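Report on the structure given below.
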Amino acid sequence: MTTVVAVRKGGQVTMAADSLVTFGDTRLSHRAEANQKIFTIEDAAGQSLFAVAGAAAHFLVLQHALAAQPREQLLFGSKHEIFRTFTLLHPVLKESFFMQTKEDEHEPYESSQFTMLMANPSGIYGIYS
């Protein structure tokens, strides 16, 4: 289970998350591994913060996939812009990062099913695929 909190006030945002990572019954605290669940992306309007829950591979895949896109194409100012941006990102996730569109219990790290919280001066948004 991942815990994330985001706050927006006066045109500024901040976000915090726990650092615990689990693999079945195994738990890795921040002392065992440098676990991060939040990353920042430079987008068309400035910066957006993303917190990723779910498979640990999603963090790296989404961070790199978003960072590789042209800044002007990363529109996160409304739920409609976010939907459009992730619709355009989906083929990139499949082709460049080998994300599968079907849930497979044996290979969860290749699943395109992810849960994120995104925050920027325009709002705080839940992103679910």
inquiry  = Out of Val13, Val92, Val52, I need the residue that is surrounded by 13 or more Cβ atoms within 10 Å (Cβ to Cβ), modelled with pLDDT under 90 and part of a strand (DSSP E or B). Which one?
reply    = Val52
key: Tabulated pairs, region 65-94, first of a type in the set (Ser, Thr, Tyr), second outside any helix (DSSP H, G or I), C-beta under 9 angstrom, 6+ apart or interchain   = Ser78/Ser122; Ser78/Gly123; Ser78/Tyr125; Thr85/Asp43; Thr85/Gln69; Thr85/Leu74; Thr85/Leu75; Thr85/Phe76
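Would you confirm whether any residue within region 115-127 is in a loop (DSSP other than H, G, I, E, B) and either modelled with pLDDT of 90 or more or under 23 Å from Ser19 (Cα atoms) (or both)?
The first filter runs over region 115-127 and keeps only residues in a loop (DSSP other than H, G, I, E, B), leaving 121-122.
Filter once more, so that each one left must be either modelled with pLDDT of 90 or more or under 23 Å from Ser19 (Cα atoms) (or both): 121-122.
Taking every residue of region 115-127 in turn, at least one turns out to be in a loop (DSSP other than H, G, I, E, B) and either modelled with pLDDT of 90 or more or under 23 Å from Ser19 (Cα atoms) (or both).
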request  = Give the residues of region 18-48 that are over 16 Å from Phe114 (Cα atoms), assigned to a strand (DSSP E or B) and at pLDDT 90 or above, sorted by residue number.
outcome  = Thr40, Ile41, Glu42, Asp43, Gly46, Gln47, Ser48
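Part of a helix (DSSP H, G or I) and modelled with pLDDT of 85 or more: which single residue out of His58, His64 fits that description?
Criteria check complete, one pass: His64.
Can you find a residue that is under 16 Å from Gly126 (Cβ atoms), modelled with pLDDT under 95 and of a type in the set (Lys, Arg) anywhere in region 101-112?
Residues of region 101-112 that are under 16 Å from Gly126 (Cβ atoms), as a first pass: none.
Checked region 101-112: no residue is under 16 Å from Gly126 (Cβ atoms), modelled with pLDDT under 95 and of a type in the set (Lys, Arg).
The values are calculated or read from the model by the stated rules, or taken from the named source; none is laboratory data. The shown structure was predicted, so the numbers you read here are calculated from the model rather than taken from an experiment. All Cβ positions, glycine included, derive from the backbone under ideal geometry; neighbour counts span all protein chains shown.
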